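First comes the structure, then the notes that go with it.
The values are calculated or read from the model by the stated rules, or taken from the named source; none is laboratory data. What you are looking at is a predicted structure, and each value in this text was computed from that prediction instead of being measured. We place every Cβ from the backbone using ideal geometry, glycine too, and count neighbours over all the protein chains shown. Ligands, DNA and RNA are excluded from the accessible area calculation, which covers all protein heavy atoms including side chains. Shrake-Rupley method; radii C 1.70, N 1.55, O 1.52, S 1.80 Å.
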Amino acid sequence: MSKNHYDVLEVAPTAPADEIKRAFRAQIALYHPDKVQHLGKEFQEMAAGRATALTEAYRVLSNESHRADYDRALAAAPHSAPPPGPSWSAPSPSPSAQAEPQRASPFTKERAGADQILRKATLEKIRQALALTGADYDETQVRGFDLALAPKPKMFGGGKRPRILGRFVEPVDAAAVADSWSLAVKWISTPTDEICVLLLGSLVGPPRELADAIAEQRRKHRTAKLTIIPIDVRSWDAHVPVDVPGVCKDLLTRLKSGN
């Protein structure tokens, strides 16, 4: 059974036009083929299908006349029910239906699978770019982060390199900065430890908001050598502080340039 347009955009049937536009823009930015050229063929094909479905859903629902016709057709369809949405309240189900566990729709599963592929591809791109810097790191695990890299000890000493953490959040805003800082600071065990956090997402807040949030955390944790770098994974644009560690600066340059 094909997905209805509300389900594709993940909005309620009663969603206003501006909410539909926001939902479309947020999702097309993730799945538009132009944004995933660096990923594997499997994801590019999936992204092309998602972009087509999103564009068609937005074409219909953004036009008042087309949307009205679509809603009438949807309501008249045999055994149809209003599509699920974040703010839609469905009629009370029967007792037998209440007893059944709620199942994720095929679209929800597909979207989750696509997100996982995107995240894996993004993390792999970071690993590859870091390897090109010549820095030698071991991968480990840190609670609350999708990627954790610890520098290997240098055979003949030399400067201490930062640990690198990566975390996906949506949106990348002031709250995400504060939350990620509180998690990352727990990984600091000595005064010389330095950590660089890559805050990854496709919905990135205004530069001033992010700069103020980072400055506030630095005031609260004056002794912590911690750098947070908000990154838009669609374009690899980053809000880079002036005191970013050299290896992280090199990493970001390679991510942006694609090599």
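In nm, to one decimal, how far is the modelled label at D237 from the one at E56, with both set 7 Å along Cα→Cβ?
3.2 nm
When Lys and Arg each count +1 and Asp and Glu each count -1, what net charge do the other residues less than 12 Å away from R254, Cβ to Cβ, add up to?
Net of charged neighbours comes to +3.
Would you tell me the accessible area of S182, worked out with a 1.4 angstrom probe on the heavy atoms of the protein chains, in Å² to the nearest 10?
50 Å²
With only alpha-carbon pairs counted, each pair once and no self-pairs, how large is the Kirkwood hydrodynamic radius of the range 185-240 in angstroms?
12.2 Å
Where q = 0.11, 0.14, 0.16 Å⁻¹, what log10 of I(q)/I(0) comes from the Debye formula for the range 137-259, counting one point per Cα?
Summing over Cα pairs of the range 137-259 leads to -0.35, -0.57, -0.75.
Hey, which of these cross-link pairs are over 22 Å Cα-Cα: K3/K120; K21/K120; K160/K249; K3/K125; K152/K220; K120/K225? Provide the component values of the computation, followed by the final result.
Values: K3/K120 26 Å; K21/K120 28 Å; K160/K249 15 Å; K3/K125 32 Å; K152/K220 30 Å; K120/K225 28 Å.
As for pairs spanning more than 22 Å Cα to Cα, those are K3/K120; K21/K120; K3/K125; K152/K220; K120/K225.
Please report the net charge: other residues with Cβ closer than 10 Å to the Cβ of D193, K and R +1, D and E -1.
So the environment of D193 carries a net charge of +2.
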